[in-house]
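Take a look at the structure set out below.
The values are calculated or read from the model by the stated rules, or taken from the named source; none is laboratory data. What you see is a predicted model, and the numbers here were worked out from it, not measured in a lab. Glycine also receives a Cβ, built like all others from the backbone with ideal geometry; neighbour counts cover every protein chain displayed.
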Amino acid sequence: MIEAQEVELVSSSVLDYENSRNSYPLKQAAMNRYLQLASVRQEVNDAIRQRAEELEHNGVKALDALHVACAEAVDCDFLVTCDKRLINRCSALTLQVINPVDFVLESSSDGSS
């Protein structure tokens, strides 16, 4: 989907940081390759930190809040995650936090496939 330019991948300094902590070298290298496909990269700034703090007050974990705030800052439609807790905590946001299977189904139903 990314290579075919059906979706635009967004990366962030938060993703880079989180991946740098990956204790599995093969998985870390694979994620680095995916992140290089991103057409947009968002750095954390004061506005993102402030938004992340707001999200934390609503029960979102600190690192997850930074991911969400970065995605919102670049006006993403979706944040794809396998974290059910994060999906549930973000259900009221304009940004759609969604699992990978539902994302593929949603993208396919939009005529993107």
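I'm trying to understand the selection: among the residues of the stretch 17-46, which are out of contact with any helix residue (DSSP H, G or I) (no Cβ under 7 Å at 6 or more places or on another chain), surrounded by 11 or more Cβ atoms within 10 Å (Cβ to Cβ) and part of a helix (DSSP H, G or I)? Residues satisfying the conditions are Tyr17, Lys27, Ala29, Ala30, Tyr34. Within the stretch 28-55, residues that are within 25 Å of Asn88 (Cβ to Cβ) reach partners that are polar (S, T, N, Q) with beta carbons closer than 7 Å, at six or more positions or on different chains, in the pairs Met31/Asn19; Met31/Asn22; Gln42/Ser12; Val44/Ser13.
Looking across the stretch 54-97, the residues that are within 20 Å of Ser11 (Cα to Cα) and charged (D, E, K, R) come down to Lys61, Asp64, Glu72, Asp75, Asp77, Asp83. Scanning the stretch 88-102 for residues that are closer than 12 Å to Val60 by Cβ and crowded, with 17+ Cβ neighbours inside 10 Å returns Arg89, Cys90, Val97. Could you tell me whether the stretch 92-113 includes any residue that is touching a Lys or Arg at 6+ places or on another chain (Cβ under 7 Å) and on the phi > 0 side of the Ramachandran plot? The answer is no, given that none of the residues of the stretch 92-113 is touching a Lys or Arg at 6+ places or on another chain (Cβ under 7 Å) and on the phi > 0 side of the Ramachandran plot.
Do we have Ala47 as under 14 Å from the mean Cα position of the chain (by Cα) and either at pLDDT 95 or above or over 19 Å from Glu106 (Cα atoms) (or both) here? For Ala47, the condition - under 14 Å from the mean Cα position of the chain (by Cα) and either at pLDDT 95 or above or over 19 Å from Glu106 (Cα atoms) (or both) - is not met.
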